[in-house]
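Note sheet for the following structure.
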Amino acid sequence: MQPITSKLPNTGTTIFTIMSKMAQQHDAINLSQGFPNFEVDPKLIELVNQAMKNGHNQYAPMAGLFSLREVISEKVERLYHKSYSPEHEITITSGATQAIFTAIAAVIQPGDEVIVFKPAYDSYEPSIEVIGGTVVPIQLQAPDFKPHWDEVASKINDKTKMIIINSPHNPSGSIWDKEDMLKLERLLKNTNILLLSDEVYEHIIFDGVQHQSASMFPGLAERAFITVSFGKTFHTTGWKMGYCLAPKVLMGEFRKVHQFHVFCSNHPIQSALSEYLKQPEHYEALPNFYQQKRDLFLSLLKGSKFTFTPSAGTYFQLLDYTAITDERDVDFAERLTKDYKIASIPTSVFNLNQQDNKLLRFCFAKTDDTLKRAAEILCNI
Ligand code: PMP
Ligand code: GLN
């Protein structure tokens, strides 16, 4: 047989797998891959258990359990004052990663260009490339990671089919405010460019700031796939549950792909979530919960040589190590894991041309005890 020609010749194993494995091998505190190390609400576990006992163990409807889509619609309406039809405009997915891939696969044709802001979550680009789209990267810079709109405008041409945005932003912890969203809305006016707004951290936003969902801006919502993750919101990253919102025409195309990509997502978990989501306090408590963790972590780092801009959203904190070493971030992250027993994510892997800004990403979705032990190590470096 001829050797197979890779569809993703430049794609390796994701940094999340690499760093979590390294953390395990070296018995390091794992602040790399983004997942909580505390328990899920027992009420939610009980609801899943009950759903299984009540026989919700066969295929769910293709677009998701209607009762779950209804409660999502109510939530979005209440938070963002935008109505999405449970019948036609909401689909439950197996995590946001699937929603992102399915949205891209549904609308991108070979040769279409997709603008991606870097640093970018690492699933966007392979999802575009594997179906023949072309990534048009725009590098953003610390500390605010905001685009220069003239530069964005200069990248738009007849082939531009989609722009991907992500606020609160992984890995930087920066957020887009209303003005940023309005600027994007103005830029896209009178174009056919679609938007993919990855809002998996919509409920993890700090200092009393309101999340600016694309659904709040009519000129964005009319062209947007919005992707959300229950894994982030309910401390259940291993359940791989999320959803996508989009206007009916876009959602029609999304579902054509979804039905042959996964057909449907986990039924008992959807059943449990449809009950659990009825109580808004389950997600309204998140900003405060995670802000306390951010503040604890940062207060403990005050005496360290790391410098930082406090994260405005997500459960990630960037730390600048320029005062410690001029090693490349990938090398320093490896040394920290092996020698100091603390694992992080080097952010150059998310940048254009692996630009190294001496920034490591640390996940603070951890118990206070873990954060204290981690900070003690970091202060001794
Ligand atoms: N987008 C971003 C920005 C993320 O950080 C993640 C990681 N959870 C995802 C999408 C994927 O979410 P999920 O785990 O639900 O697939
Ligand atoms: N979203 C998580 C992070 O940024 C990890 C997702 C994954 O492991 N694929 O760390």
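Among the protein heavy atoms, those of T13 account for about 90 Å² of accessible surface (1.4 Å probe, every chain in place).
Aspartates and glutamates near K75 by alpha-carbon distance under 16 Å, same-chain residues fewer than 8 away left out - which ones? In chain and number order, the partners are E87, E89, E199, E202, E275, E281, E284.
Comparing Q291, Q33, Q259 in a Gaussian network model of the chain (Cα springs below 10 Å), the most mobile by mean-square fluctuation is Q259.
For a straight C-alpha distance cut-off of 20 angstrom, the lysines reachable from K155 (same-chain residues fewer than eight places away being disregarded) are K118, K146, K183, K189. Extension gain for the segment T17 to Q109, taken as residue separation times 0.36 nm less the Cα-Cα distance, is 30.1 nm to one decimal. Sorted from greatest to least, the principal axis extents spanned by the alpha carbons of the chain come out as 56, 55, 53 Å.
Cα-Cα over 21 Å: which of K21/K338; K7/K358; K305/K338; K338/K358? From the list (K21/K338; K7/K358; K305/K338; K338/K358), the Cα-Cα distance tops 21 Å for K7/K358. Placing dummy labels 7 Å off each Cα toward the beta-carbon, the span from H81 to N190 is 2.7 nm. When region 67-131 is described by a simple charge dipole with +1 on each Lys and Arg Cβ and -1 on each Asp and Glu Cβ, the residue from S85, P126, Q98 located farthest towards its positive end is S85. The helix-only estimate of mean residue ellipticity at 222 nm for the chain, built from DSSP H runs of length n ≥ 4 each weighted as -39500 (n - 2.57), is -11000 deg cm²/dmol after division by the residue total. The figure for R335 is an accessible area of roughly 80 square angstrom, using a 1.4 Å probe on the protein chains alone. Legend: Rg and Dmax of region 107-177, from Cα coordinates, 12.2, 35 Å. Short-range pairs are left out: with C-alpha atoms under 8 Å and at least six residues apart, the relative contact order of the chain is 26 percent. The residues of the chain have, on average, 44 Å² of accessible surface per residue, using a 1.4 Å probe with all protein chains present.
On the basis of the beta-carbon distance and an R0 of 41 Å, E376 and Q141 show a calculated FRET efficiency of 0.85. Which stretch or stretches of region 251-291 have amide N atoms under 20 Å from the point lying 7 Å from V130's Cα along the Cα→Cβ direction? Inside the label zone: 253-266.
Sequentially through region 152-161, phi angles give Karplus couplings (6.51, -1.76, 1.60; θ = phi - 60°) of 4, 4, 5, 8, 7, 8, 4, 8, 5, 10 Hz, Gly and Pro residues having no value and appearing as x. Spatially, region 160-179 and region 230-261 are offset by 19 Å when compared through their Cα centroids.
The slack in the chain from Q210 to M52, taken as 0.36 nm per residue of separation less the alpha-carbon distance, amounts to 53.2 nm.
Put a dot 7 Å past the Cα of D369, heading toward its Cβ, do the same for E70, and the two dots end up 4.3 nm apart.
So for region 209-309, what percent of the C-alpha to C-alpha distances run longer than 20 Å? Percentage above 20 Å: 59.
The values are calculated or read from the model by the stated rules, or taken from the named source; none is laboratory data. Bear in mind that the values here come from a model prediction, so they are computed numbers and not experimental data. Reconstructed Cβ throughout: ideal geometry from the backbone, glycine too, with neighbour counts over all protein chains shown. Areas reflect the complete protein model, heavy atoms only, side chains present, ligands, DNA and RNA absent. Shrake-Rupley method; radii C 1.70, N 1.55, O 1.52, S 1.80 Å.
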